[in-house]
Amino acid sequence: MADARPFHWEYEPPKVVRERYLVTGGRALEGTVRVSGAKNAALKMLAAATLTGERCRLTNVPEIEDVRAMTETLRDLGVVVDHPEPNVYEISAGDVDWLFVPLEAAAKMRASFMLLGPLLARFGEVIISNPGGDRIGRRPVDLHVDAMRALGAEIEYRYGYYYAKAPGRLRGTEVRFPFVTVMGTENAMLAATLADGHTIIRPAAQEPEIDDLITFLQKMGATVERTYADTIEVHGKKRLRGAEHHVMPDRIEAGTFAIAAGVTGGHVVLEGADCDTMNAFVEVLGKTGMGVSCGPGRMEVDAREVGPGALHPVDVETGAYPGLATDIQPPTSVLLTQARGRSRIRETIFEDRLEWLSELRKMGASIQLKSPHEAWIDGPSQLKAASVEISDLRAGASLILAALAADGTSSIGGAHHVQRGYENIERKFLDLGARIERVQEGELTATT
Ligand code: UD1
């Protein structure tokens, strides 16, 4: 095993450039936005590319900080990652000489843990740090580890690191999760593609990004299939081959821009959006009274008639797919501040994902936190500019949305959280007529 000395006291937290968004609200957003590739699909495909020594080519990869962090982690392992043009990445994992995923990588991004399954399955060993990611409650990885153990791996946990070994090959088995986990399903599935024999994973998460990953794996020669809605079956192969894949569109990004139309009384066309993967969300938009129309690779959202302040309140509850995505819950909460009456939000996936609402309250929203999992929003509220801080990726996008609907110029700190997952977010908002800029902390002027 690699001679790693993974001691936390040698660890220096990653340095981030402190930047803020300055957003002046009050303009209805109008125009067309091109939806980028899905973060939650692209990151797993970058990890999956290590299952083969042959070159894989991914197109429509979003240019976001998480992708940068994942490719940097791969390069540190000895994987060759080329970036011949924007949104295109070519990965060759022929030589992987350092089977160690350090805390530096894991602290930036929880998805670094997606390297556990493929590296273990292909190379028989890996040392990988316990991951970080968004600060939205306790986010353990016990189910990933249990799945690897079920597949025959030996895993010890020491000093914040998992030391994983698979003597011989991993063995196909039944992986039973106590409840649905997205990355747990994906890690088990990636590991099983190179295991000896047949693996059944259930309940398997049903997120569309997993099906996009399955398509990529099939192109790599894997025998993997969703046999029932909640079941994925894999027949392990000795080796996989290189493949090319176009990453599916990001439904959370699409949803964020749809809400931008809603909170500003605007009209936005989402080019490349796939409504079929967003049914629960489209239903919520419809219930608010906004106009939503879907076509192939396109979604159009019109709030000019109903307008902010006159939307209908809606009770929403997040859930595993096909339920309402927890990642679109924070933006939806902003939308519901503009509804006439009381909306109830129930968050069932993550603890603490309602905590950021205290920042939204600073902007004038009327919100009661009934429990860590339930909030009541009484609208409509005329939001007003404020100085607020971003705590995680989706809360960040949501504070921008709130600022777009607010009177005056808001100053939103912690822009790096948003850069993790949204490609060119300022450019896209500017193209819709928004007034937004990103400035370094030191550049802040009297306008804030
Ligand atoms: C993924 C997504 C994230 C999304 C989430 C739920 C990526 C990179 N991230 O995260 O954007 O919000 O799905 O749709 O794809 N859990 C455990 N033990 C585990 C794993 C999970 O207890 O080993 C719990 C979590 O704390 C959470 C629940 O299971 O309460 C579901 O989490 P999970 O589906 O695993 O989310 P992620 O895959 O981490």
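Given R₀ = 41 Å, what would the calculated FRET efficiency be for THR231 paired with VAL96, taking r from the Cβ atoms and rounding to 0.05? Once the sixth-power term is evaluated, E becomes 0.85. Between the residues THR24, ALA147, ASN130, the greatest Cα displacement towards the positive end of the dipole of the chain, with unit charges on the Cβ of Lys, Arg, Asp and Glu, is found for ALA147. Only one residue of ASN424, GLN338, SER411 has its Cα farthest out toward the positive end of the dipole of the stretch 327-448, where Lys and Arg carry +1 and Asp and Glu -1 on Cβ, and that residue is GLN338. Charged side chains reduced to their Cβ positions (Lys and Arg at +1, Asp and Glu at -1) give the stretch 39-246 a dipole of some 460 debye around its Cα centre. Here the Kirkwood formula, the inverse mean of 1/r across different C-alpha pairs, assigns the stretch 6-119 a hydrodynamic radius of 15.9 Å. With q set to 0.08, 0.09, 0.12 Å⁻¹, the log10 of I(q)/I(0) for the chain, from the Debye formula over equal scatterers at the Cα positions, is -0.45, -0.57, -1.00. Checking the Cα-Cα distances for LYS39/LYS237; LYS165/LYS237; LYS165/LYS238; LYS39/LYS108; LYS44/LYS238; LYS108/LYS237 against a 23 Å cut-off, the pairs over it are LYS39/LYS237; LYS108/LYS237.
Taking a cut-off of 32 Å, what percent of all Cα-Cα pairs in the stretch 39-246 are separated by more than that? More than 32 Å apart: 6 percent of the Cα pairs in the stretch 39-246.
With a cut-off of at most 13 other beta carbons within 10 Å, and DSSP calling the residue loop, which chymotrypsin sites (Phe, Trp or Tyr not before Pro) in the stretch 86-190 qualify? Please list them.
On the way: sites: TYR89, TRP98, PHE100, PHE113, PHE123, TYR157, TYR159, TYR161, TYR162, TYR163, PHE179; in loops: TRP98, TYR159, PHE179.
Passing both the DSSP loop test and the Cβ count: TYR159, PHE179.
Among residues other than ASP196 with Cβ under 9 Å from its Cβ, the summed charge is +3 (Lys and Arg +1, Asp and Glu -1).
Assign one of three labels to the stretch 116-204, namely rounded, prolate or oblate, based on the Cα gyration tensor with a ≥ b ≥ c the square roots of its eigenvalues; rounded applies when a/c is under 1.5, prolate when it is not and a/b is larger than b/c, and oblate otherwise. Judged from the Cα gyration tensor, the stretch 116-204 comes out oblate (a/c at least 1.5, b/c at or above a/b).
For the stretch 91-177, applying the loop criterion from DSSP together with a ceiling of 11 other beta carbons within 10 Å to the trypsin sites (Lys or Arg not before Pro) yields ARG138.
Secondary-structure-derived ellipticity at 222 nm for the chain, considering helices only, amounts to -8500 deg cm²/dmol, per-run term -39500 (n - 2.57) for DSSP H runs with n ≥ 4. Here is the short version for the chain: CYS56 have no other Cys C-beta closer than 4.7 Å. Going from the residue with the fewest nearby Cβ atoms within 10 Å to the one with the most, CYS294, CYS275 rank CYS294, CYS275.
Charge dipole of the chain (Cα centre as origin; +1 on each Lys and Arg Cβ, -1 on each Asp and Glu Cβ, all else neutral): 400 debye, rounded to the nearest 20. Compared with the alpha-carbon gap, the fully stretched path from LEU369 to ARG202 is longer by 56.7 nm at 0.36 nm per residue. Residue separation of VAL439 and ARG34 scaled by 0.36 nm, minus their Cα-Cα distance, works out to 143.4 nm of gained length.
Read the figures in this text as sums done on the coordinates, not as results from a lab. This structure is a prediction, so every number in the text was calculated from the model and none was measured. Neighbour counts are summed over all protein chains in view; Cβ atoms, including those assigned to glycine, are modelled from backbone coordinates with ideal geometry.
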